[in-house]
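Okay, structure first, notes after.
The values are calculated or read from the model by the stated rules, or taken from the named source; none is laboratory data. The shown structure was predicted, so the numbers you read here are calculated from the model rather than taken from an experiment. Virtual Cβ from ideal backbone geometry, glycine too; neighbours counted across all protein chains shown. Surface areas here come from the heavy atoms of the whole protein model, side chains and all, with no ligands, DNA or RNA. Shrake-Rupley method; radii C 1.70, N 1.55, O 1.52, S 1.80 Å.
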Amino acid sequence: MAVAMEPPRHAHTPPNSRLMQTGANILGSQRPPSGTGSQAYQGPPQGYEASMPYIPQMPGQPPMDSVRSASSGQKSEPDPDYVPPSAGRTGRLYTESAAPTLEPYSDPAQNIPTLRKAQTRRAAGPPEGMPKAIWSDSVSHLPDDEIWPMHAVPLFVFSGRDRPRPAYREEIKFTLRDDRYVSFGLRLRCGTGDHYMGGTIGLLHNPERQEAIAGDRGQLATVIDLVVQPDNTVIVTAVGDVDFIVGRAWMPRGMRGLQLAFVEVIQSKDHPLKSVLHTCAEEPGFGLFGELVARGGPEGLAQALAGGDGPFTVFVPRDDALFDALGGGSVEDMLQAPYLQAILASHVVKGRVPFEALYSGRTLHSIDGTVLIVTFNTWPRGSPAINQIPAEHMDIFCLNGIVHSIVGVLTPAPKPMKRTR
């Protein structure tokens, strides 16, 4: 009977000889793979002790005699005098003495082609800005004899003195303080209008009532920007459009009393502007300043403001403030007030300075030399003031200038006095 005999095992074969034969010895080329050679496994090298685990070495690996000796199996002590090569390296490429120095080159440029027959040209000015799109542009393609469609717009009724009155395609700024208009301005800011960051609105003025009725006359305007102030007011930037007549008005729910109306647009685009003096005479609250300039102003000022010269920027005080500053009484009494001509001249500045060109700290000089300092009391451009006198309404455009309304009277600069010997 045949009995399977187990092959004899070497007396010095380590316990993990199976792992050594299948893994480490194959990597260490201690045992050739089956079918690749005829040499049999000869076991560990000479001098191997069975009490020490056998660790094969990879080809090209230096002998491990720095930590553990394969012959003795004892841990060797490190050399106390050994210094690694990196101990003396600082990480710098150059030392302080051998570092290269760079000197600035101030001679003419080299290796640059020369431009021959080059001619200098004066730089052109900035390109002309594109006109702002308004509602009447959307019907400009219609024939001249065709009636424009009736348009439904929200109405902003102003009953006070700070009503906006833009000319056709004229950009203005005004402030909304009424809750219903502020609420609708936020709607436009959020994209509910027919224009990006705004839309088309109707501007009306009625000192007697806050609502519009059929037959009232107003002006269309296109809102192009809205800035919400910390005091819950909204600064509106709008462009003036054509006039209209209210056909039918109503108050929809959810608008906090804001009116919508169907309006009939007047197709005439002629909006003649008047001179500064005529505007002051016709504007409610400015008549006293215009009358005093016409009858007792400095020589030539009335003629210049009437259209003979310009442009001018006039900070017109309210009638009640000017009345109190001159001592009251009749117009004849106020014409006899001292320094009347100096007071009137201190409110007139040469040049057209709209609200957009004003910034906090800007200095203006009136025609008599008075220094006018512009300040904005609310960030970023709210509550403007001239010499600490609040401005009520800005940008009333005129034929030969622009008018800004202020609630007080400016103090003229004192005249230099001559020394007496």
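Please verify whether Arg89 is open to solvent by 90 Å² or more (accessible area, probe 1.4 Å), modelled with pLDDT under 70 and farther than 30 Å from Arg217 by Cα, treating the condition exactly as stated. Yes: the conditions hold for Arg89.
Screening Phe174 on (1) part of a helix (DSSP H, G or I); (2) farther than 16 Å from Val153 by Cβ shows it passes everything except condition (1).
All conditions but one from (1) among the aliphatic types (A, V, I, L, M); (2) closer than 26 Å to Ala391 by Cα; (3) surrounded by fewer than 22 Cβ atoms within 10 Å (Cβ to Cβ) apply to Val246; the one that does not is (2). The residue that is farthest from Thr378 (Cα to Cα), counting only those in the range 154-177 that are in contact with a Pro (Cβ under 6 Å, 6 or more places away or on another chain) and buried (at least 21 other Cβ atoms within 10 Å of the Cβ), is Ile172.
Taking the criterion of being part of a strand (DSSP E or B), modelled with pLDDT of 90 or more and out of contact with any Leu (no Cβ under 9 Å at 6 or more places or on another chain), the residues of the range 366-390 that qualify are Thr375, Ala385, Pro390.
For beta carbons closer than 7 Å, sequence separation of 6+ or different chains, a first residue in the range 372-392 that is over 14 Å from Phe174 (Cβ atoms) and open to solvent by less than 60 Å² (accessible area, probe 1.4 Å) and a second that is modelled with pLDDT of 85 or more and acidic (Asp, Glu), the qualifying pairs are Thr378/Asp231.
The set of residues in the range 211-221 being surrounded by 13 or more Cβ atoms within 10 Å (Cβ to Cβ) and in contact with a strand residue (DSSP E or B) (Cβ under 6 Å, 6 or more places away or on another chain) consists of Ala212, Asp216, Arg217, Gly218, Gln219, Leu220, Ala221. When the range 274-311 is examined, which residues are found to be outside any helix (DSSP H, G or I) and surrounded by 17 or more Cβ atoms within 10 Å (Cβ to Cβ)? Across the range 274-311, the qualifying residues are Lys274, Ser275, Glu283, Gly285, Phe286, Gly297, Gly310. Of the residues making up the range 312-361, those that are within 37 Å of the chain's Cα centre (by Cα) and open to solvent by 60 Å² or more (accessible area, probe 1.4 Å) number 5. Among the residues making up the range 182-200, those that are open to solvent by less than 90 Å² (accessible area, probe 1.4 Å), assigned to a helix (DSSP H, G or I) and either closer than 17 Å to Asp241 by Cα or not hydroxyl-bearing (Ser, Thr, Tyr) (or both) are Val182, Phe184, Gly185, Leu186, Leu188.
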